[in-house]
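**Q** So that we are looking at the same thing, I have put the structure below in structure tokens.
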């Protein structure tokens, strides 16, 4: 990414010590000193009250001021979300931000959202997630007309609670710039049945954490199996090429970087435990979004959603009017 420049917010002495080892990075960077930081266990409300002047706040504010195109942080997720929403505000028509995760699947990468920002969502918010997720997948993963599904307990029309059925009806009724495929189930995530899977943050976060736990479980079991004896170790040696490709495919760092969608600006959350390679993936996500017409695509589809909701409201009988 040779065309990028970096504004680095934090302790100047610590940052410069790292940049001294990386001449190319130093030449592309400007350091903005602050000794104020938000801890990983700080509550979002506290972060908003005392966060001004912190590294996270300054990075997000740089977007508002036009000094930066995007911000990337591996810090406190709740604080980053709260500060970003306060400083940048929501995009026109979007009611809540959502966190999107890029999920390795049998068919490439599926975007799943929300994965933690909104525990409860109504039908309209789920449709907003579909719009934002499709724009994200198009910009970052290159789909031409992203396929979208709503996560449900079954694929039948009558399944699920009112919110998912309402979102399903709206997505069917509106001509969005996406290919809506209806309901999908949990096993469709890893299959890569669709490009974008929409759900509330409660369900999405549980699914994400379950998948991460299973990946660690399988990795541990494979390691234990292939080191349990001489024959097993020989088998591991013979299969090392395939095992290496599998490990690379399942590496969460390769798809690190979850944008906070719906804001008036690009903010990307990296895993707190990300190494340099993983953090570079998050920067790449931010750069891809910045180079795309991501925001305009969301705006076009939000206008279509607003028009559909207005038509639905106009068609409903006024309260108290006899039919």
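Conditions tested, residue by residue: (1) touching a strand residue (DSSP E or B) at 6+ places or on another chain (Cβ under 7 Å); (2) in contact (Cβ under 8 Å) with a residue 12 or more places away in the chain; (3) surrounded by 21 or more Cβ atoms within 10 Å (Cβ to Cβ).
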| site | (1), (2), (3) |
| --- | --- |
| 7 | yes, yes, no |
| 10 | no, yes, no |
| 18 | no, no, no |
| 32 | yes, yes, no |
| 49 | no, no, no |
| 56 | yes, yes, yes |
| 104 | no, yes, no |
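**Q** Condition (residue is closer than 28 Å to residue 51 by Cα, in contact with a strand residue (DSSP E or B) (Cβ under 9 Å, 6 or more places away or on another chain) and crowded, with 20+ Cβ neighbours inside 10 Å) applied to region 88-96: is it met by at least one residue?
**A** Within region 88-96, the subset closer than 28 Å to residue 51 by Cα is 88-96.
Cutting the leftovers down to in contact with a strand residue (DSSP E or B) (Cβ under 9 Å, 6 or more places away or on another chain) gives us 88-91, 94, 96.
Within this subset, residues satisfying the condition of being crowded, with 20+ Cβ neighbours inside 10 Å are 88, 94.
Yes, there is a match, as at least one residue in region 88-96 is closer than 28 Å to residue 51 by Cα, in contact with a strand residue (DSSP E or B) (Cβ under 9 Å, 6 or more places away or on another chain) and crowded, with 20+ Cβ neighbours inside 10 Å.
**Q** Within 21 Å of residue 306 (Cβ to Cβ) and surrounded by 23 or more Cβ atoms within 10 Å (Cβ to Cβ): is that true of residue 148 in this structure?
**A** Yes, satisfied.
**Q** Here's a follow-up. Which one is surrounded by the fewest Cβ atoms within 10 Å (Cβ to Cβ) among residues in region 263-285 that are within 11 Å of the chain's Cα centre (by Cα) and either assigned to a helix (DSSP H, G or I) or free of Cβ contacts under 8 Å to residues at least 60 places away in the same chain (or both)?
**A** Restricting to residues being within 11 Å of the chain's Cα centre (by Cα) and either assigned to a helix (DSSP H, G or I) or free of Cβ contacts under 8 Å to residues at least 60 places away in the same chain (or both), the top hit is 282.
**Q** In region 58-78, which residues are over 17 Å from residue 290 (Cβ atoms), touching a residue at least 60 places away in the same chain (Cβ under 8 Å) and touching a strand residue (DSSP E or B) at 6+ places or on another chain (Cβ under 8 Å)?
**A** Within region 58-78, 74, 77 meet the criteria.
**Q** Counting residues that are within 30 Å of residue 186 (Cα to Cα), which helices (runs of 4 or more DSSP H) fully inside region 1-113 reach at least 3?
**A** 77-88
**Q** What residue, among those in region 136-151 that are within 17 Å of residue 115 (Cβ to Cβ) and outside any strand (DSSP E or B), is farthest from the chain's Cα centre (by Cα)?
**A** Of everything passing the filter in region 136-151, 141 is farthest from the chain's Cα centre (by Cα).
**Q** Would region 16-38 turn up any residue that is within 23 Å of the chain's Cα centre (by Cα), assigned by TED's automatic domain parsing to the domain that holds residue 174 and closer than 23 Å to residue 278 by Cβ?
**A** There is no residue in region 16-38 that is within 23 Å of the chain's Cα centre (by Cα), assigned by TED's automatic domain parsing to the domain that holds residue 174 and closer than 23 Å to residue 278 by Cβ.
**Q** Of these, 81, 90, which one is out of contact with any helix residue (DSSP H, G or I) (no Cβ under 9 Å at 6 or more places or on another chain) and in contact (Cβ under 8 Å) with a residue 40 or more places away in the chain?
**A** Matching residue, one of 81, 90: 90.
**Q** Across region 168-198, what is the total count of residues that are out of contact with any strand residue (DSSP E or B) (no Cβ under 6 Å at 6 or more places or on another chain) and assigned to a loop (DSSP other than H, G, I, E, B)?
**A** 6
**Q** For residue 165, indicate whether it is in a helix (DSSP H, G or I) and loosely packed, with under 14 Cβ neighbours inside 10 Å.
**A** Considered against the rule, which asks whether it is in a helix (DSSP H, G or I) and loosely packed, with under 14 Cβ neighbours inside 10 Å, residue 165 comes out as no.
**Q** Give the residue that is surrounded by the most Cβ atoms within 10 Å (Cβ to Cβ), with candidates limited to residues of region 214-262 that are modelled with pLDDT of 80 or more and in contact with a strand residue (DSSP E or B) (Cβ under 7 Å, 6 or more places away or on another chain).
**A** Only one residue fits best here, namely 259.
**Q** Continuing with this model, one more query. Suppose we filter 186, 166, 192 for residues that are closer than 18 Å to residue 107 by Cα, touching a helix residue (DSSP H, G or I) at 6+ places or on another chain (Cβ under 8 Å) and either in contact (Cβ under 8 Å) with a residue 12 or more places away in the chain or not assigned by TED's automatic domain parsing to the domain that holds residue 106 (or both); which single one remains?
**A** 186
The values are calculated or read from the model by the stated rules, or taken from the named source; none is laboratory data. Bear in mind that the values here come from a model prediction, so they are computed numbers and not experimental data. No Cβ is skipped: glycine too gets one built from the backbone with ideal geometry, and neighbour counts run over all protein chains shown.
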